[in-house]
Amino acid sequence: MKDRKQAYFSGHRVILLVALCLLALTLAANQAPRKKRQARKKTDERVYLEHADQLSYDQYGLGPDAQKLKGKVRFRHKGATLTCDSAYFYEQTNSFEAFGHVKLRQADTLTLDGEYAFYDGSDQFARVRRNVILTHRGTKLYTDSLDYDRLYNFGYFFEGGKMVDKDNTLTSDWGEYHTDTREAIFNFDVRLKKKDFLLTTDTLHYDTRTKLAHIVGPSVITSKESVINTSQGFYDTNTGKTELYGRSTLVDNQKELTGDSLFYNEQTGESEGFQNVVYVDKENKNKMLCNRFWYNEKTGTAWATDSAVLIDYSQKDTLYMHADSLKLFTFNIETDSVYRMIHAFDHVRAYRIDMQAVCDSLVYNTLDSTMTMYHDPITWNENRQLLGEKIVAYMRDSTIEHAHVVGQAFSIEKIDDKDHYNQVSSKEMLAFFIGGEIHETQAKDNVEAIFYPVDEKDSSYIGMNYTETSEMRMFLKERKLQRIWMPKATNTMYPMTQIPLGKSKLRGFAWFDYIRPLNKDDIFEWRGKKAGTELLAIKRHSAPLQTLGGAKEPPTAEEEKDDAVETTGNAESVENAETTESDKQQEP
């Protein structure tokens, strides 16, 4: 027990000794001599009194060496002159106090006016008070309290100030101005104002030579109908060019642009964004994400690339579409007949819960609310797959009204997990919708179809029906087939156990489940078709030229309909295809 006590106290002695050593080191450090600040360079040149109408001494009131001066007082010191109505001159300390209409002139570039000033000639330092105006090369600084350091060529105010040059007005609670570099630094409630422009911030550096404002804190820039929020950047008040960093946002009416870095030209209306760019169109309920973005607010032209994604949330389910590049064109921008076109190219992939699509390029035209997919597009809806050379979707209020598949049209419906598919192929297909639900489909020219009729009693397949005809119409209700109409047709029904080998798939059949986008993140991974499953390489329509300069208005959907795709040597145009009276009644 005794040994334990000795060990216990011995341990505490060691701890106490260490603590005392640390305390001693701390005291020694605090008592160590500190490095002296570099002394302010003083001057031996005397302040000279050049003129005063009256001079007297007040050795009891002001001091034995104080001189009281009245009437047109003028001092000179190191190339500068100071005039005032009256003054106290302390010759021994090389300083003076000036009263009334104080004006300090330095060379031909700087004047300093006020109602009172104290000037220390040895330190070359002036303190000017009441109605102070610092004028330097076309720049004026107004304040009530200004300290001006002639040695280091700068003045600073601390009770509010206003700086004015040719086009700009700067105000703040505290600030400084360097006459050698002509740079101003303003702090606390800073406001930079010019015609149709206002910048508010807490810290701002401003170069009066270049008229360049350097933003170094949370700031808001208001210019006509645009509002910018940023924490770091540059604004050229001469050209209206803005460079923004540190996750900035530009708001223009219902449009909002955010990026890690933004560049905006007020005169041309052009803006650029880099890295994690988000462009939001609140009016049309869509937004665009990318890493590089360009937009011209005057022409309504935009371009996005590098992980570009268009997100449309105007409907119940949100649509996500990715392409290598996305471009926006606006026509008749200053008129009531304004309309826009969106071009997406290449490797277009789109995902919505109820619909997915893949194509080479895509064009959406707001003039006739049509969306055209080019170069062998594929669309999916639940267990249905539709493809062709070109697909045109006609929209109304962002809801599909009808769709047109042109060239090598092929519709496939997977009906079970045993490799059974309902199929229709033709030169072209039409689909009509009510409230977003399909209610009729039409297949025209060289129609081939495979269907598996179902026994209503036990839901088993009756067999496989193979059909050839010139036209086929199918009418649906709640996505279920109600009836089929066709003119003269050739039908063959095969029992399920007697389907000939190779007859269960139409020519050109391919189930592209490995290409289908699985979710909104899968749109970034491009997967091409396997060799041998491509459509026939024949002459077909191509998407409009993907250029920003000199963009021409592409044809409307109706014009494209008149200019039908050439598929074979004896192809007939859609307009010349024979239709019956009942056909016309089915047109929406």
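The values are calculated or read from the model by the stated rules, or taken from the named source; none is laboratory data. Quantities reported herein were computed from a predicted structural model and do not represent experimental measurements. A quick note on method: Cβ atoms are made from the backbone with ideal geometry, for glycine too, and the neighbour counts reach across all protein chains shown. Only protein heavy atoms, including side chains, enter the accessible area calculation; ligands, DNA and RNA are left aside. Shrake-Rupley method; radii C 1.70, N 1.55, O 1.52, S 1.80 Å.
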query: Heavy-atom accessible area of MET493 with all protein chains present, probe 1.4 Å, nearest 10 Å²?
result: 90
message: Using only the alpha-carbon atoms, what does the stretch 298-362 span along each of its principal axes? Please give whole angstrom values in decreasing order.
response: 37, 27, 16
- prompt: Within the stretch 372-412, whose backbone N sits under 19 Å from a point 7 Å along Cα→Cβ of ASP513?
  reply: 378-387, 411-412
- line: Expressed in angstrom, Rg and Dmax over the Cα atoms of the stretch 129-168 are 10.2, 30
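Between ILE333 and SER122, what FRET efficiency comes out of the Förster formula 1/(1 + (r/R0)^6) with R0 = 60 Å and r the beta carbon distance, rounded to 0.05? List each step's numbers first, then the result.
Values: r = 67 Å, r/R0 = 1.12.
My answer for the efficiency is 0.35.
How much FRET efficiency would the formula 1/(1 + (r/R0)^6) give for PHE188 and ARG76, where r is the Cβ-Cβ distance and R0 is 41 Å, rounded to 0.05? Walk me through the numbers before you get to the answer.
On the way: r = 37 Å, r/R0 = 0.90.
After rounding to 0.05, the efficiency reads 0.65.
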message: Once you order the gyration tensor axes a ≥ b ≥ c over the Cα atoms, which shape class does the stretch 239-351 get: rounded for a/c under 1.5, otherwise prolate or oblate by comparing a/b with b/c?
response: oblate
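For LEU386, LEU192, give the ranking by accessible area with the largest first, probe 1.4 Å.
On the way: LEU386 40, LEU192 0 Å².
Sorted descending by solvent-accessible area, the residues read LEU386, LEU192.
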query: According to the square roots a ≥ b ≥ c of the eigenvalues of the Cα gyration tensor, what is the shape class of the stretch 223-265, taking rounded for a/c under 1.5, prolate for a/b larger than b/c otherwise, and oblate for the remainder?
result: oblate
message: So if each residue of separation counts as 0.36 nm, and I subtract the Cα-Cα distance between GLU50 and LEU481, what length gain in nm does that give?
response: 144.2 nm
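Over the Cα atoms of the stretch 461-517, what is the Rg over Rh ratio if Rh follows Kirkwood? Before the final figure, lay out the partial values.
Details: Rg = 14.3 Å, Rh = 14.0 Å.
Dividing the radius of gyration by the Kirkwood radius yields 1.02.
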- prompt: If you take the square roots of the eigenvalues of the alpha-carbon gyration tensor of the stretch 242-295 and sort them as a ≥ b ≥ c, do you get rounded (a/c under 1.5), prolate (a/b over b/c) or oblate?
  reply: oblate
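Restricting attention to the stretch 389-473, which GluC sites (Glu not before Pro) occupy a DSSP loop and are surrounded by at most 15 other Cβ atoms within 10 Å? Don't skip to the answer; put the middle values down first.
On the way: sites: GLU389, GLU401, GLU413, GLU428, GLU437, GLU440, GLU448, GLU456, GLU468, GLU471; in loops: GLU389, GLU456.
Qualifying residues, ordered by number: GLU456.
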- request: With a 1.4 Å probe and every protein chain left in place, tell me how much accessible area PHE345 has, in Å² to the nearest 10.
  value: 30
field: the stretch 381-426, relative contact order [Cα under 8 Å, separation at least 6], %
entry: 35
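Rounded to the nearest percent, how much of the accessible area of the stretch 376-473 (1.4 Å probe, protein heavy atoms only) is carbon and sulfur? Let's see the in-between values first.
Details: 1860 of 3890 Å².
Accessible surface attributable to carbon and sulfur in the stretch 376-473 totals 48 percent.
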query: Karplus couplings for the stretch 270-283 from phi (6.51 cos²θ - 1.76 cosθ + 1.60, θ = phi - 60°), rounded to Hz, Gly and Pro as x?
result: 8, 9, 10, x, 9, 6, 6, 7, 10, 10, 10, 10, 5, 5
message: Probe radius 1.4 Å, ligands and nucleic acids left out: which of LEU55, LEU289, LEU104 has the largest accessible area, and how do the rest follow?
response: LEU55, LEU289, LEU104
- prompt: So what J values fall out for the stretch 526-531 if you push phi through Karplus, 6.51 cos²θ - 1.76 cosθ + 1.60 with θ = phi - 60°, rounded to Hz, Gly and Pro as x?
  reply: 7, 10, x, 6, 5, 4
Difference of contour (0.36 nm per residue) and Cα-Cα distance, LEU198 to ASP354: 51.4 nm
- prompt: Given 10 °C and 1.306 mPa s, how large is the Stokes-Einstein diffusion coefficient of the stretch 38-183 in µm²/s, with Rh as the Kirkwood radius over Cα pairs?
  reply: 101
- line: Stretched fully, the stretch from LYS488 through LYS166 gains (0.36 nm per residue minus C-alpha distance, one decimal, in nm) 107.4 nm
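With every protein chain kept in the model, how would you rank TYR295, TYR60 by accessible area, 1.4 Å probe, largest at the top? Display every interim value, and only then the final one.
Working: TYR295 25, TYR60 205 Å².
Largest accessible area first, the residues go TYR60, TYR295.
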task: List, in order, the whole-Hz ³J(HN,Hα) value for each residue of the stretch 494-509 obtained from phi through the Karplus relation with A = 6.51, B = -1.76, C = 1.60 and θ = phi - 60°; use x for Gly and Pro.
output: 10, x, 4, 8, 10, 6, x, 4, x, 8, 7, 10, 6, 4, x, 4
field: Heavy-atom accessible area per residue - the stretch 103-237, 1.4 Å, Å²
entry: 44
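Distance check, please: which entries in LYS195/LYS285; LYS327/LYS520; LYS42/LYS140; LYS224/LYS282; LYS414/LYS488; LYS41/LYS162 exceed 23 angstrom between their Cα atoms?
LYS195/LYS285; LYS42/LYS140; LYS414/LYS488; LYS41/LYS162
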query: With every protein chain left in place, what is the accessible area of LEU204 in Å² (1.4 Å probe, nearest 10)?
result: 0
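How big is the C-alpha Rg of the stretch 87-160 next to the rule-of-thumb value 2.2 N^0.38 Å, as a ratio? Present the calculation step by step, with values, prior to reporting the outcome.
On the way: Rg = 11.7 Å, N = 74, 2.2 N^0.38 = 11.3 Å.
Rounded to two decimals, the normalised Rg is 1.04.
Which FRET efficiency value, to the nearest 0.05, is calculated for ASP65 and ILE133 with the Förster distance at 30 angstrom and r the Cβ-Cβ distance? Before the final figure, lay out the partial values.
Details: r = 32 Å, r/R0 = 1.05.
The value I calculate is 0.40.
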field: log10 of Debye I(q)/I(0), alpha-carbon scatterers only, for the stretch 273-404 at 0.09, 0.22 Å⁻¹
entry: -0.25, -1.53
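Please report the carbon-and-sulfur percent of the accessible area for the stretch 254-359; probe 1.4 Å, protein heavy atoms only, DNA, RNA and ligands left out. Please report the intermediate quantities before stating the final value.
Details: 2080 of 4530 Å².
Taking all protein chains in place, the stretch 254-359 shows 46 percent carbon and sulfur surface.
What is the projected area of the convex hull of the Cα atoms of the stretch 383-456, averaged over all directions, in nm²?
Working: hull surface 23.4 nm².
Approximately 5.9 nm², given one-decimal rounding.
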